[in-house]
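Here's the structure we're looking at; comments come further down.
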């Protein structure tokens, strides 16, 4: 488990992380989201002792990272996949890391196979693609078979097969009872990988909840309805307290009446047939944008059409 209490980091007059509290439980994948500049990378760096908090504490399994005598056995970290000597081969890079922690050489071969690096293991890292470099970073994080994984943008540069592999790996490690904490800007992938989310904005926690709860709060509780006589259904639903808008020809957006009740009202009306009845739920991307719309520190300029 990772626990932060009143965790704060300031750089001069700039507050990067503003007194946040959160916990990352073992046995599930916890996603870490937020706009650029929200404080995610700074928080991850403080967890593993690369940045010192201005105030507050953050611990892994009850102790600070600095107290671990053999940290690779405790925590696997991927913060910068490029942090490798470019003249070394992947195998020699992993062997050097293994030697610092008395990790058996056979484990190096295991993580090379696990991360799909077999064909390039003896090639110099400076010739690696972005995706292969990312796989090497993941191999290093897994080298000590740690109980805690902290992964910053682990699918960056990976092809679809690699993205699916990371998803399955993260969920599999969590199922073994490990703590898995990962960040990503790919909302569709996070929706399939994480069970719980922590969302930052301008250094503060905006949400700390299961994915399902965040999606439920973002939902507008509307229902899309298509019927044999949309105008007649419109009048019927308004009479029963619904708020109805025409979406397109023959299709209505209804608020204030749940889908089962809409079906009951239509069934009770003579010759009124429902062709579509779809409760509308927001995607994680839409829920995330709703949460963070006022917390973007570096907003993109509007397009010409948006300015009109």
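As a rough footprinting exposure proxy, the listed residues 65, 288 were ranked by other beta carbons within 10 Å of their own, and the order from fewest upward is 65, 288. The shape of region 220-279 comes out rounded: with a ≥ b ≥ c from the C-alpha gyration tensor, a/c is under 1.5. One quarter of the surface of the convex hull around the alpha-carbon atoms of region 92-249 equals 15.2 nm², the direction-averaged projected area.
For 22, 128, the sequence from fewest to most other C-beta atoms within 10 Å is 22, 128. The angle between the Cα long axis of helix 259-268 and the main principal axis of the chain comes to about 20°, on a 0 to 90 degree scale.
Among 202, 135, 293, the largest mean-square fluctuation in a Gaussian network model of the chain (Cα springs under 10 Å) belongs to 293. Evaluating kT/(6 pi eta Rh) at 10 °C and 1.306 mPa s, with the Kirkwood radius of region 244-287 over Cα pairs in the Stokes-Einstein relation, gives 132 µm² s⁻¹. Taking the 0 to 90 degree range and rounding to the nearest ten, how far is the long axis of helix 130-142 tilted relative to the main principal axis of the chain, both from C-alpha atoms? That works out to roughly 70 degrees. Shape of region 90-157 from the C-alpha gyration tensor: oblate (a/c of 1.5 or more and a/b not above b/c, with a ≥ b ≥ c the square roots of its eigenvalues). Need one word for the chain: rounded, prolate or oblate. Basis is the Cα gyration tensor (sqrt eigenvalues a ≥ b ≥ c); a/c below 1.5 gives rounded, then a/b vs b/c decides. It comes out prolate by the Cα gyration axes. Here the contact order of the chain, divided by its residue count and restricted to Cα pairs under 8 Å and six or more residues apart, works out to 21 percent.
Per residue of the chain, the DSSP helices (runs of n ≥ 4 H) give a summed -39500 (n - 2.57) that works out to -10000 deg cm²/dmol at 222 nm. Run through the DSSP bridge list for the chain and note the antiparallel percent, rounded to the nearest 5. Of the beta bridges lying entirely in the chain, close to 65 percent run antiparallel.
Relative to the longest principal Cα axis of the chain, at what angle does helix 230-239 sit, 0 to 90 degrees, rounded to 10? Its long axis makes an angle of about 90 degrees. Neighbour counts of other Cβ atoms within 10 Å put 221, 294, 152, 18 in the fewest-to-most order 294, 221, 18, 152.
Values in this text are rule-based calculations from the coordinates and carry no lab data. Note that this is a predicted model, so its numbers are computed, not measured. Note that each Cβ is placed from the backbone with ideal geometry, even for glycine, and that neighbours are counted across all protein chains shown.
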